[in-house]
1. Identify the single condition in (1) in a helix (DSSP H, G or I); (2) at pLDDT below 80; (3) open to solvent by 30 Å² or more (accessible area, probe 1.4 Å) that GLY187 does not satisfy, given that it satisfies every other one.
2. For the condition modelled with pLDDT under 90 and over 36 Å from the mean Cα position of the chain (by Cα), what is the one hit in ASP415, ASP392, ASP362, ASP372?
3. In the range 562-594, how many residues are open to solvent by 10 Å² or more (accessible area, probe 1.4 Å) and aliphatic (A, V, I, L, M)?
4. Within the range 547-556, identify whether any single residue is within 30 Å of ASP392 (Cβ to Cβ), open to solvent by 10 Å² or more (accessible area, probe 1.4 Å) and touching a residue at least 60 places away in the same chain (Cβ under 8 Å), and answer yes or no.
5. What number of residues within the range 467-482 satisfy the criterion of being surrounded by fewer than 16 Cβ atoms within 10 Å (Cβ to Cβ) and of a type outside the set (S, T, N, Q)?
6. When PHE126 is evaluated against the numbered criteria (1) over 30 Å from the mean Cα position of the chain (by Cα); (2) under 27 Å from GLU160 (Cα atoms), which criterion, by number, is the only one it fails?
7. Restricting the search to the range 40-52, which residues are in a helix (DSSP H, G or I), open to solvent by less than 40 Å² (accessible area, probe 1.4 Å) and more than 23 Å from TYR111 (Cβ to Cβ)?
Amino acid sequence: MFKTSIFKDEHDSESLRERFHGSDSLPLKVSVKAAARMIKIYWTSKESLFSWFILALIIGLTSGAIYLAKVFNTWYKDFWDTVQQYNLEGFKYQLMLFAILATIHVIVSVYNSYLRSVLAIRWRRFFTTRVMKDYLESDTYYKMQLEDRKTENPDQRISEDLSSFVSYTISLLLGTASDLAMLGTFGVVLWDLSYAVTMDVFGYSLHLPNGYMLYLGIIYALVGTLITFKIGKPLVRLNFRQQRFEADFRFSLIRVRENAESISLYKGHSSEERYLGYSFSEVVKNYIRLIKREKRLGFFTLGYAQTAVIFPILIAAPMYFAKIITIGSIMQINSAFGRVQDSLSTVISSFSSWANYKAVVDRLALFFDSMDSSNEIKCLKPKFSGNSFKVDNLSLFTPKAKKLCDNLNLELASDSSLLIRGPSGCGKSTFIKAIAGIWPHAHGDIILPENKNSLFLSQRPYLPQGSLRDAIYYPDEARNDGLAEKYLEQLSLSHLIKDLDRVDNYSSMLSLGEQQRIAIIRALILKPGMLFLDEASSALDEDLEKRAYTMIRDELKGSLIISVGHRSSLINMHDYILNAQLDMNWTINKNNNQ
């Protein structure tokens, strides 16, 4: 979906992070290109067909609103001329006309806002679903964590920035299009109202050309835009940093919650408080810089807006006092000038929003670029052939290119069991990751038996959100077949049977030993053809561990079982022993003591 060429030229092999290392903001050209591509992804898809219809309705309602604004402009002149003429019947008629126009305006505005919200949620649903799919498929989320630790808070990119991108795109682009249409409409009106005239001002003869009010409005808005851009440019960088600091602080708080027991046992609250205090201080310091800059911008934009109220009256006043125009014409000029000035000053009035929008686009561009770079990482993928487990000339490396294993060769029958032993850091867990096809720093061949599914159990089991029964049957759907109750009883977890269907955070409620037994029950129920256990029973006492492995051997007859473990008690539970060494000398021996 998100190809790297979206954000860089085809001849440029560097990622965005490499090209703009250390930058908190991407060049405007890159940001525009990224935004255009992200917009195109949805609006060229089949899912956007109904959204095109909604967009057409929004454009129609916006056009109606602009027409109503033009009618209101004419109404201002007629109303105030009627008041100046003391025409009571005309006054009543104008009030009735206003009530009708105001009612129509309310209906048009409400439906315009409603349809924009409908469009936004349809777009966000599509965008978020597609990004989540790309993030989860091909182990992208794992590769990003493994290789790219510079991508901050991918959860926030998906949950918040995608939503912000959609809402900003709709509001800013449609708002800009509406402003341009309003400018064209009321530019003509203002031109017609400011016809050439010669007046005496303070004893001097002043000649005003046709359309002079339109010229003054354009000059006024351009000067204001340039000054606003100069004052507000740093907001892009400050908004980018603020989102990053806020996300880092929130992540630190989540870490405290997830590791509450360990922190409490270590009495580490002082250390955590220091780190959280530092993280929050970054939020505060950047926010102070942000609001100071917004204060400076606010002084100018509000002053600019207030001056714009009186400016058209000042430039129309000489004609009024020369009795060339009426009070109604002044009100009409004031309304038309206000519309033109608002349209031309859209950058000024929404500069903070545009700054936020660019920051959102930059964060998403870097996130998608990181996803693309992660997808380019090629892991050693196992092959499926025959009825045995084979490893041919396998070499393993750390991410820093340190060799762990050199040209390993072994072959096991599909119903065999293998225990991998060795000192810490020799590559035992890396070997399991290579078998799983998620380790990029390896070469050689891994051949797995055909038509056999696999299950990998790690030292820290994964318990998904939901009920305990959902966790036991994961990744399959939970069933009420009595197997969960049976195995819980056999592995001394009968006290959990009553909570099987209760939803809770079991990853923090259960001890590591209980979680490991839940994972072993998962294997007993799913009955994989290949079971890999990476220190999956390290938190169990020897009696429980022996019971668990006995159940595995009895229930999974015909399955290939490969374990990583340090305990000598595991030796008699396996047919073969693979001794891994720090010197890359790995040897396999048959267990003759069974």
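The values are calculated or read from the model by the stated rules, or taken from the named source; none is laboratory data. Just so you know, these numbers come straight off a predicted model, no measurement behind them. Cβ placement follows ideal geometry from the backbone for every residue including glycine, while neighbour counts extend to all protein chains displayed. All accessible areas refer to the heavy atoms of the entire protein, side chains included, with ligands and DNA or RNA removed. Shrake-Rupley method; radii C 1.70, N 1.55, O 1.52, S 1.80 Å.
1. Single failed check for GLY187: (3).
2. Details: ASP392 fails: modelled with pLDDT under 90; ASP362 fails: over 36 Å from the mean Cα position of the chain (by Cα); ASP372 fails: over 36 Å from the mean Cα position of the chain (by Cα).
Within the list ASP415, ASP392, ASP362, ASP372, the selection yields ASP415.
3. As a first pass, look at the range 562-594 and keep what is open to solvent by 10 Å² or more (accessible area, probe 1.4 Å): 566-569, 571-573, 575-577, 579, 581-594.
Keeping just the survivors that are aliphatic (A, V, I, L, M) gives 571, 573, 577, 582, 584, 588.
Summing the residues that are open to solvent by 10 Å² or more (accessible area, probe 1.4 Å) and aliphatic (A, V, I, L, M) in the range 562-594 gives 6.
4. So far as the range 547-556 goes, yes, one or more of its residues are within 30 Å of ASP392 (Cβ to Cβ), open to solvent by 10 Å² or more (accessible area, probe 1.4 Å) and touching a residue at least 60 places away in the same chain (Cβ under 8 Å).
5. Restricting attention to the range 467-482, the residues satisfying the condition of being surrounded by fewer than 16 Cβ atoms within 10 Å (Cβ to Cβ) are 475-477, 479-482.
From what is left, the residues that are of a type outside the set (S, T, N, Q) are 475-477, 479, 481-482.
Residues that pass the stated criteria total 6.
6. Status for PHE126: all satisfied but (1).
7. Filtering the range 40-52 down to residues in a helix (DSSP H, G or I) leaves 40-43, 46-52.
Still in the list and also open to solvent by less than 40 Å² (accessible area, probe 1.4 Å): 41-43, 48, 51.
Listed by number, the list holds a single entry, ILE41.
Listed here are the residues, each with its yes/no results for (1) hydrophobic (A, V, I, L, M, F, W, C); (2) in contact with a strand residue (DSSP E or B) (Cβ under 9 Å, 6 or more places away or on another chain); (3) free of Cβ contacts under 8 Å to residues at least 60 places away in the same chain.
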{"site": "ALA359", "(1), (2), (3)": "yes, no, no"}
{"site": "LEU364", "(1), (2), (3)": "yes, no, no"}
{"site": "ASN375", "(1), (2), (3)": "no, no, no"}
{"site": "LEU408", "(1), (2), (3)": "yes, yes, no"}
{"site": "ASP415", "(1), (2), (3)": "no, yes, no"}
{"site": "SER424", "(1), (2), (3)": "no, no, yes"}
{"site": "PHE431", "(1), (2), (3)": "yes, yes, no"}
{"site": "ALA434", "(1), (2), (3)": "yes, yes, yes"}
{"site": "TRP439", "(1), (2), (3)": "yes, yes, no"}
